[in-house]
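Undergrad: Can you keep this structure in mind? I'll have questions shortly.
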Amino acid sequence: MYNSVILGLGSDWLASQVFAIFYEMSEKGLELDESMFVALLHACCHAGLVKDGKDIFSRMKHEFAIEPRTEHYVHIVKLLGMAGELKEAYILILTFPEPVGAGI
């Protein structure tokens, strides 16, 4: 349910509410899954929140031990590209553990 709410809010440019829900869930110890991080990165893309998107992507891997999937990579590469950080996006693509799909 939370994933749907975050995805909807993120699509409506309400990133501050998205992060409020994320932090609340995290504080309460609720399980944050792969879909939650797709929704969070989606919200960052819609709002142009590059720093927050990078932070979420890093926390997903290091704090929550969730390995990025294609959906996560698509959003982070899109976010970097939209911000003009093409070199960083390209370097990230080169580090992918699997061959790059057409979505990227």
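Undergrad: Please work out how much length the chain gains when fully extended from K51 to A65, using 0.36 nm per residue of separation minus the C-alpha to C-alpha distance, in nm with one decimal.
TA: Details: separation 14, 0.36 × 14 = 5.04 nm, distance 2.00 nm.
So the chain would gain 3.0 nm between K51 and A65.
Undergrad: Please get the size of the charge dipole for the stretch 24-63, origin at its Cα centre, with Cβ charges of +1 on Lys and Arg and -1 on Asp and Glu, quoted in debye to the nearest 20. Please list the in-between numbers first.
TA: Values: 5 positive and 8 negative charges, 45 e Å.
The dipole of the stretch 24-63 has a size of about 220 debye.
Undergrad: Would you kindly state how much longer the chain becomes between E98 and D33 on full extension, computed as 0.36 nm times their sequence separation minus their alpha carbon distance, in nm to one decimal?
TA: Full extension from E98 to D33 adds 21.3 nm.
Undergrad: Quick check: net charge around L32, other residues with Cβ under 10 Å of its Cβ, Lys/Arg +1 and Asp/Glu -1?
TA: Once all neighbours under 10 Å are counted, the net charge is -3.
Undergrad: Full-extension gain between K87 and E24, please, as 0.36 nm times their residue separation minus the C-alpha to C-alpha distance.
TA: On the way: separation 63, 0.36 × 63 = 22.68 nm, distance 3.42 nm.
Stretched fully, the K87-E24 segment lengthens by 19.3 nm.
Throughout, read-outs are computed from the coordinates displayed, never taken from laboratory work. Since the structure is predicted, the reported quantities are computational estimates derived from the model, not experimental observations. Positions of Cβ are backbone-derived with ideal geometry, glycine not excepted, and every protein chain shown enters the neighbour counts.
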